[in-house]
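What follows is calculated from the coordinates using simple rules that are stated; it is not laboratory data. Since we're looking at a predicted model, the values are computed, not measured.
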Amino acid sequence: MSLDPAGERDWLAPPVNARRNYQEAQPPQKALLIAPGAGHNTTYKAAPQQYESQVVGFLEKTLPRGSSPRG
């Protein structure tokens, strides 16, 4: 299982690293988010709705039936 969020302008952990991790992750439980304009550690701040949507969607697909990330 792999969820790789990255900032488009992350200088410490560049998006190319997240793309590599995503390519190497075994399907089908994987997701990649490159947040536009985000730097290091600002992925959520730069795109909160996109980030939340991606994370919740990923959890809904990968958690066992009956579990819910929404509580």
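Stretching the chain fully between Lys61 and Glu24 yields a gain of 11.4 nm (0.36 nm per residue, less the alpha carbon separation). Taking θ as phi - 60° and the Karplus parameters 6.51, -1.76 and 1.60, the scalar couplings of segment 34-49 work out to 10, 7, x, x, 7, x, 5, 6, 10, 4, 5, 4, 6, 8, x, 5 Hz in sequence order, x denoting glycine and proline.
The helix-only estimate of mean residue ellipticity at 222 nm for the chain, built from DSSP H runs of length n ≥ 4 each weighted as -39500 (n - 2.57), is -12000 deg cm²/dmol after division by the residue total. Shape summary of the chain, radius of gyration then Dmax from alpha carbon positions: 12.6, 39 Å. Using C-alpha pairs below 8 Å separated by at least 6 residues, the relative contact order for segment 2-62 is 38 percent. GNM remark for the chain: springs join alpha carbons under 10 Å apart, and the peak mean-square fluctuation among Pro14, Pro28, Pro48 falls on Pro28. Amide H contacts of Ala38 (H built 1.01 Å from N, in plane; Pro and chain starts excluded): Glu8, Arg9 sit under 5 Å, all sequence-distant by 5 or more or on other chains.
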